[in-house]
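The values are calculated or read from the model by the stated rules, or taken from the named source; none is laboratory data. Every value quoted in this text rests on a predicted model; they were computed, and no experiment measured them. Positions of Cβ are backbone-derived with ideal geometry, glycine not excepted, and every protein chain shown enters the neighbour counts. Accessible surface is based on the protein model in full, side chains and every heavy atom, while ligands, DNA and RNA are left aside. Shrake-Rupley method; radii C 1.70, N 1.55, O 1.52, S 1.80 Å.
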Amino acid sequence: MHRNLWLVVTVGFVVAVVAVVAAALVVPGEPERPGDGCPPRDTRVTAPYAITGYWVIPRADRCVTRRMVEAIHAIGGDTLITFGPRFSASPDPDGFTACRVDGVPCQEVPGIQVRHVYTYVTSEEFGKGMLRCPGIDRRVVSGERIFYRLTLAESCADPVHDLVLVSTDGDGIGVLMAEASAYGMTVFPGLPAAPQRVGKPWEPDLGHVDALNAFTARVLADYRQRFAARSAFGGVYQSFELAMRARSDRDPVIALYAAQHEVVAAALPGKKIVVSPYIDGRRGRGFPPEQVEEGLADIAGTRAGLPMAVAVQDGRGTGKVPVHGEHEGAVAVAARLVPVVGQVTNEQGYYGSTRDFMVAAARRVPDGVELWANIEGFEPTPAAGECGRVDPLPLRGRTTKARLDQQVMAVAPHSTKIISYGWDPFFTCQDGPGGPSLADVIAQGWQQPIIVSAHPKELNGRAGVQVEGYNLKGGTLRFGQAEVAQEWYAPGRLESAWAPYPPTGSPTAITATNGAGFTSTSPYVLQ
């Protein structure tokens, strides 16, 4: 699911946020720079939605970054995550021909034996502390690109050196960290991603793990120095993916995690590591929900004493896991899932739903770990006339807010935070010129109630049903065809509401209409 670069059919940031309620006014953590050329910051949260974090692409342009951060913050986002670039063991001479020191290509150092040259294409500028060895470590500016040549040797006097050539177009990470601090948000920049095995790209090449860890230590030491005063710096994101299932004792991805997280613990004590493993419930290709508990324990075992957030990818965007109610096992899969599993029922195509996997994961969350949910904000394939991702493959399509609401319904009772992959292009692209983006639709409909759980409950000796969810205050609950006024409400991360209605014992669809007149986009079915 995760990629570093996207090509978008049509991209537009949120251009209209419905300011029905100016919720929380965040006091900026950084004053605006006089004359920075960007519009003034608007730190209001005007349309708080259930998703509170997004993967984003760092950009060196301060004004573009401010506009992006502001749009995410306005709809309730408080967390931003970036992917770490690939630490490549295969030199890329074409991408580094402009990197020359005194007329000599950067991969050559006169008088020094160079054993291996690694490459790293990123969107950040490093501090002066990265340049440890005079004459070897260099910062080179060539046109619009900046290059760094760094040695990984333990001592500058070593006779043999491994080099890393870094190419960047500006300080996207630094700009993102500054803007997020001003909006009171948290950033988790991606760790350098491990080289992949030739022929098995889903596995790291552990033959280069020592070099990766040496480079990771340098990058994190730079972060510690540059971002010490930035309130937004919350920790790092583990960029190499894995499935959250039972794994062998010698699993290479777990070995990578353990090694790289030890480096994080040494460099950034107390900072959080975010990991986002995927689940795959497809019969014959994936695994059942029963395996995720052991998978979660294996991942938690790599945290090296640091706090960890495990944000489980819900699988709906890739089509690896369906989102449906307990009563819908024998129902045909959603139309957008047919290209993935064919014309089958949910139980024929899958071992379980997103809810089943999240329930299993929540049964035993290890100490020091927070269970988050990463709901995939896209469709497995694009439909005609629909914007989305066109590069890299596979193609992905744009989804709807109603679909996102269903995903929230599946994960909210079992996770402490909901985040989403990914802001660009899926929440910002437009199906046509001037049309609303998905983020615009969220801003317009954020007050629509979302019921995430329901159960029978007596109140003052009267039979009724209590529901939990978002935007429930006031109004009515509809049970099938019966509409009943709410008689009790309690706020919270998940709000609660109660109405007198004796459960019938058969599946009952429940929707809510709140005091503002907004109605649920999807019913919750009480079994």
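Lys-Lys pairs in the chain that are eight or more residues apart or on separate chains and whose Cα atoms lie under 27 Å of each other come to 12. In the chain, the longest principal axis of the Cα atoms and the axis of helix 62-74 are about 20 degrees apart.
A cut-off of 5 Å between modelled amide H atoms, ignoring neighbours fewer than 5 places along the same chain, links Ala309 with Ile273, Val274, Val275, Glu370. Model label sites at Val160 and Arg145, defined 7 Å from Cα along the beta-carbon direction, differ in position by 2.9 nm. Based on the Kirkwood approach, the hydrodynamic radius assigned to the chain is 24.6 Å, with every pair of different Cα atoms included. Of interest is the spacing of the C-alpha centroids, which for the range 41-105 and the range 201-273 amounts to 19 Å.
Using the Karplus relation 6.51 cos²θ - 1.76 cosθ + 1.60 with θ = phi - 60°, the per-residue 3J(HN,Hα) values for the range 398-414 come to 7, 9, 10, 5, 4, 5, 4, 4, 5, 5, 4, 4, 6, 10, 4, x, 10 Hz, with x marking Gly and Pro. Of Ser90, Ser239, the order by accessible heavy-atom surface (1.4 Å probe, DNA, RNA and ligands excluded), from most exposed downward, is Ser90, Ser239.
Rounded to the nearest 10 degrees, the angle from helix 209-226 to the longest Cα principal axis of the chain is 80 degrees. Taking every DSSP bridge with both residues inside the range 309-429, close to 30 percent are antiparallel.
A simple count of charges around Val359, restricted to other residues whose Cβ falls under 14 Å of its Cβ and scoring Lys, Arg +1 and Asp, Glu -1, yields -2. The GluC sites (Glu not before Pro) found in the range 114-216 that occupy coil by DSSP, while having at most 11 further C-beta atoms within 10 Å, are Glu144, Glu154. For the residues Tyr183, Tyr501, a 1.4 Å probe over the protein chains yields an accessible-area ranking, largest first, of Tyr501, Tyr183.
So for the chain: antiparallel DSSP bridges make up what percent, rounded to the nearest 5? Antiparallel: roughly 60 percent of the beta bridges in the chain.
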